[in-house]
Every structure is written in C-alpha cells, then in structure tokens.
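Below is one structure; the comments refer to it alone.
The values are calculated or read from the model by the stated rules, or taken from the named source; none is laboratory data. In this text, all values refer to a predicted model and were calculated from it rather than measured experimentally. Note: ideal-geometry Cβ built from the backbone for every residue, glycine included; neighbour counts use all protein chains shown. Accessible surface is based on the protein model in full, side chains and every heavy atom, while ligands, DNA and RNA are left aside. Shrake-Rupley method; radii C 1.70, N 1.55, O 1.52, S 1.80 Å.
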Amino acid sequence: MDGNGRWAQQRNRPRLFGHQAGARRVREIVNACPDLGIKYLTIFAFSTENWKRTQAEVSGLMMLFRRYIQKESQALLREGVRVRFIGDRDRLEAKLVRLMDELETLTAGNDRVHLTIALNYGGRDEVARATRRLAHEVAAGHIRPEDVDAETLARFLDTCVLPDPDLVIRTSGEARISNFLLWQSAYAEYEFTPVLWPDFTAEIFGEIVGRFSQRERRFGAIGH
Ligand code: FPP
C-alpha cells in the first residue's frame, strides 16, 4: 500500500493523513475481490524495516492499526472476510497483538475472502524464523536433515496455510520487491502502477487484474 506519504505531501498534510486515507481504501479493495474472482488478498501494512521511520510516524501507524481493527471487525465479519496476520508479533505492543488475535478468532469461520495483513513482516525475517523453528524440529529428532526440502520449509512459514500469490501489485511507481513474500512470489506475476495507494480504486484494481488474466504463465515450462 505504497504512496500514502507522497499523497499527503502533495496536499501539504502530515504523513499520517495519507495513512488514514490509505486505510479507508482497504475496505473498497477487499469488497471488490469476490466479483474479480479473488479469494486470497494479502496487503502489506508494515515492514520489518518500517521501524526506521520517525517515532511519531511509527506510533501513529500502530494507533491506526488498532483503530482499523476495532472499527472494521464487524463489517469484515458481516462481509464474510477471514482475516489473518503474518509477520513477527514479538515486537508489536501487547494491546495490538490481542486485537489481532481476537479478529482472527472472530472471523475464523468466514470463507468468502481471505484477507491477510502483513504487519511487522519481512520476507527474509520470515524465512529466518521458519528456519529457526525447523532447526528446533530437526534438533528434537522429529525431522531428518535429509528430508528437508522446499516443501518442508514452506510448512514453517507464516503463510503455511495460504496459496502462493499469482499476482503482486505495487502502487506508487516503485519497481522493487521490498522484502514482500520473497519465497512465495517465486512464480508470481508483477504489476506496477504509478497510482498512489490512497487513489487506488476498485476500478483500477479491476483493470490490473484483467491485464493479469491475459498473461500466459509457464511456471518454468515451455509455452504454447
Ligand atoms: C507505505 O507508504 C505505507 C505504509 C508503511 C503504511 C500502510 C498502512 C495503511 C494504509 C493503514 C491501513 C492499515 C491496515 C491494517 C488496513 P509510504 O508511507 O511509504 O508512502 P511514501 O512512499 O509515499 O512515503
């Protein structure tokens, strides 16, 4: 959800104003998913690198996440959205983690759209944490080292119950991966749009998904 800061700057407003506008976009994009045939949507809310921002911006974002959960819980439940969080929860404040856990539990019976929110998430950090957990299993004698393959490691990732992404969309004109779903995106298609996240409408989302569906995906094999 990139471009909130620049969107605010263009309006001579503080960065948090942009994040608030960005938060309001999320509902529209989530609600657009069923009609577009999208069952799984993952949004990048806060990276393991975002702690480098000013303390004011970080605490403002944390407040926004708490508020988003409190405000949107009932609507998400009603709309059939199952919410999951990925990322390292250890560094997040206890109050926020409790709200995250509650929202996951509240929506656990939903199946219309699966919304995953990446919060204190980094692809490398995720692979490192997965490897640590796997190493414990090996050390405990539950898994033999020679049985460890890509599929084994994937079972220890935060995304273990989710399918790999088919399409990754980056807003705001940046053409970088920035540590997002590194392992899972091995065969994902990428789309880059200059649109800043607070301006990213369901219509633009639909156009991008439409373009994606025209692409031929070969997964390393030979095309027709
Ligand atoms: C990146 O844009 C955006 C973020 C780091 C925050 C994203 C958070 C929200 C939109 C709040 C919604 C939260 C939830 C849980 C739905 P940027 O600030 O890096 O933009 P810039 O590149 O223009 O500075």
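Quick one: check the C-alpha center-to-center distance for region 51-92 versus region 134-191, whole angstrom.
Here the two parts' Cα centres lie 22 Å apart.
Scaled to the compact-protein estimate 2.2 N^0.38 Å, what is the alpha-carbon radius of gyration of region 48-123, rounded to two decimal places?
Values: Rg = 12.8 Å, N = 76, 2.2 N^0.38 = 11.4 Å.
Compared with the compact-globule rule of thumb, region 48-123 sits at 1.12.
Rounded to the nearest 20 Debye, what is the dipole magnitude of the chain about its Cα centre when Lys and Arg each give +1 and Asp and Glu each give -1 at the C-beta?
My answer is approximately 820 debye.
Can you tell me the Rg and the Dmax, both Å, for the Cα atoms in region 148-224?
Computed over the Cα atoms of region 148-224, radius of gyration and Dmax are 14.7, 44 Å.
Can you run the Rg to Rh ratio on region 1-106? Use alpha carbon positions and the Kirkwood inverse-distance Rh. Walk me through the intermediate numbers first.
Details: Rg = 14.3 Å, Rh = 14.9 Å.
Result for region 1-106 is an Rg/Rh of 0.96.
Under a 1.4 Å probe, what is the accessible area of region 84-195 per residue, stated in Å²? Display every interim value, and only then the final one.
On the way: 5920 Å² over 112 residues.
On a per-residue basis, 53 Å².
For the chain, what is the calculated [θ] at 222 nm in deg cm²/dmol (nearest 500), taking -39500 (n - 2.57) for each run of four or more DSSP H residues and dividing by its residue count? Before the final figure, lay out each step's value.
Numbers: 7 runs with 100 residues, N = 224.
Rounded to the nearest 500, it is -14500 deg cm²/dmol.
log₁₀ I(q)/I(0) of region 81-147 at q = 0.19 Å⁻¹, via Debye over equal Cα point scatterers, no solvent, to two decimals?
Listed by q, the Debye log ratios stand at -0.85.
With point charges of +1 on the Cβ of Lys and Arg and -1 on the Cβ of Asp and Glu, referenced to the Cα centre of the chain, which listed residue (LEU196, LEU115, GLN9) lies farthest in the positive direction of the dipole?
Working it through, the farthest residue towards the positive pole turns out to be GLN9.
Highest mean first, what order results for 95-106, 39-50 on Cβ atoms within 10 Å?
Values: 95-106: 15.4, 39-50: 17.8.
Sorting 95-106, 39-50 by mean packing, highest first, produces 39-50, 95-106.
Mind checking the alpha-carbon convex hull of the chain and giving the volume per residue in Å³? Please report the intermediate quantities before stating the final value.
Details: hull volume 32.2 nm³, N = 224.
Value for the chain: 144 Å³ per residue.
ILE86's amide H: which non-local residues (gap 5+, or another chain) put their own amide H closer than 5 Å, with H modeled 1.01 Å from N in plane and none for Pro or chain starts?
ILE117, ALA118, LEU119
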